[in-house]
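Student: I am attaching a structure below and will ask some questions about it afterwards.
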Amino acid sequence: MSSKSKPVPITIVISISVALSVAATLGAAHAGLLDFVINPNQQPLINGTILNYDNKTYHILIVPSNGTFTIPKPIPVEPPIINNTPDNNTIPNPPPPVPPVNNTPPTPPKPTCTADQVYNATTNKCDPKPVVTPPPEPVPVKDIHFIVVGDVDDNTGGTGVFNAIKAKNPDIVAVLGDLGYGDNLAWFKSTYGKLNMVCVPGNHESANEDGTSAIEKETQEFCSLPWYFKFNHVLFIGANTNGDLSTQSTQIQGLLSNAENMKDVKQVHLLTHKPCATFPNAHHPVEKSVKAFCDTIRSKVPTGVKFVNDAGHNHVFSANKDQTQITSGAGGRSHYTCGVSTEFPFCDNVHFGYADYLIKTDGTSTLTFYDFNGKIVK
């Protein structure tokens, strides 16, 4: 008997044999499971094997003796590992996931830029510093010539006035209504329309008086009312005295109440066809609605700012004593009557011409009346 074998009492062997479904008897030593007969004179041998019982392999040694079975110690065989569960009966574990391959190259270190370079975060490089473009030179401030003329006409006098103004090459021209006395603005557009100019409608461009709906519409579109602009601390505002005065008054009051817009303004010129005030014996006296409109606007002009009304309608030159009420309606249409007074010391109904303002850079101005020959009238 092997020294590594351990005798087992028959009662234990019977228990094992029952558990293994092996029938054994002491006389014949017959193993029912293996189904063969043991020779009592045969030497001990291994003649039967039960596999994978309790996850172990057993070799059964049967001897013809006095009823003692000798069972060798089992040779443990590790079963293949299927999973990590105790019963070892579930499906195999899936293989562990393969980690993704990172093909992104490592970020290079940030470069050190020199004083004439700038770091570009997109390319991670040092680019040359851009050339700084100096700001544009400011437009030099200069004295400007601003000409006002009204009641222009396609006749000898009117053509002479236009040619004189064109030759003067002013910075800007304001035409104060009655723009040629035609059914349309064809002549006006071909002459004054070629200059750097602004315009307002007169009663001859208004359907509610002496014009038609067609020329009123054409004039509104061409003159682009309402408008205003500033030169050298002077604010110029165009108004239609044949239009909706209430609406225009509200708009202009808003303009005059805007502190930012009125900053550094020294004068306000209201440019109209019909005047805010007139000299004595004027052909067209002041209309009440226009006077009320002008008075409201004047009351909203900030203290210390000069208010001037430049108008046409009367075909003369005229100015009051402080040159705040100017009539420049000698643009070519036949003259009207004139009159003077202490308040209106100057009136001329002989010459055709225009009024020329020289507006200085400090916001002050001088006014000169010229005829179409370039002669100073006043």
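The values are calculated or read from the model by the stated rules, or taken from the named source; none is laboratory data. Since we're looking at a predicted model, the values are computed, not measured. Cβ placement follows ideal geometry from the backbone for every residue including glycine, while neighbour counts extend to all protein chains displayed.
Student: Looking only at segment 322-363, filter to residues that are polar (S, T, N, Q) and within 23 Å of C294 (Cβ to Cβ); which one of those is surrounded by the most Cβ atoms within 10 Å (Cβ to Cβ)?
Tutor: T327
Student: Only one of (1) among the charged types (D, E, K, R); (2) at pLDDT below 80; (3) surrounded by 10 or more Cβ atoms within 10 Å (Cβ to Cβ) fails for D143. Which number is that?
Tutor: It fails just one condition, (2).
Student: Quick one: which of D348, D362 is free of Cβ contacts under 8 Å to residues at least 40 places away in the same chain, in the same structural domain as N169 (by TED's automatic domain parsing) and not small (G, A, S)?
Tutor: D348
Student: Taking the options F236, F229, F188, name whichever one is assigned to a helix (DSSP H, G or I), assigned by TED's automatic domain parsing to the domain that holds H351 and either modelled with pLDDT of 95 or more or in contact with a strand residue (DSSP E or B) (Cβ under 8 Å, 6 or more places away or on another chain) (or both).
Tutor: Just one listed residue meets the conditions, F188.
Student: Further question on the same structure: Hey, any hits in segment 200-210 for a residue that's hydroxyl-bearing (S, T, Y), in a loop (DSSP other than H, G, I, E, B) and within 20 Å of T327 (Cβ to Cβ)?
Tutor: yes
Student: Strands (runs of 3 or more DSSP E) wholly in segment 283-378 with at least 1 residues that are closer than 21 Å to V200 by Cβ and at pLDDT 95 or above - which ones?
Tutor: It comes to 306-311, 317-319, 325-328, 353-359, 365-371.
Student: Need the failing condition index for T303 against (1) closer than 23 Å to D143 by Cβ; (2) under 46 Å from the mean Cα position of the chain (by Cα); (3) among the polar types (S, T, N, Q), just the number.
Tutor: All conditions are met except number (1).
Student: hydroxyl-bearing (S, T, Y) and over 46 Å from the mean Cα position of the chain (by Cα): which single residue out of S365, S334 fits that description?
Tutor: Values: S365 fails: over 46 Å from the mean Cα position of the chain (by Cα).
Criteria check complete, one pass: S334.
Student: So L271 clears everything in (1) under 11 Å from F293 (Cβ atoms); (2) of a type in the set (A, V, I, L, M, F, W, C); (3) more than 33 Å from the chain's Cα centre (by Cα) except one condition, right? Which one?
Tutor: All conditions are met except number (1).
Student: Just to be sure I understand, how many residues within segment 324-350 are of a type outside the set (D, E) and more than 24 Å from F162 (Cα to Cα)?
Tutor: 7
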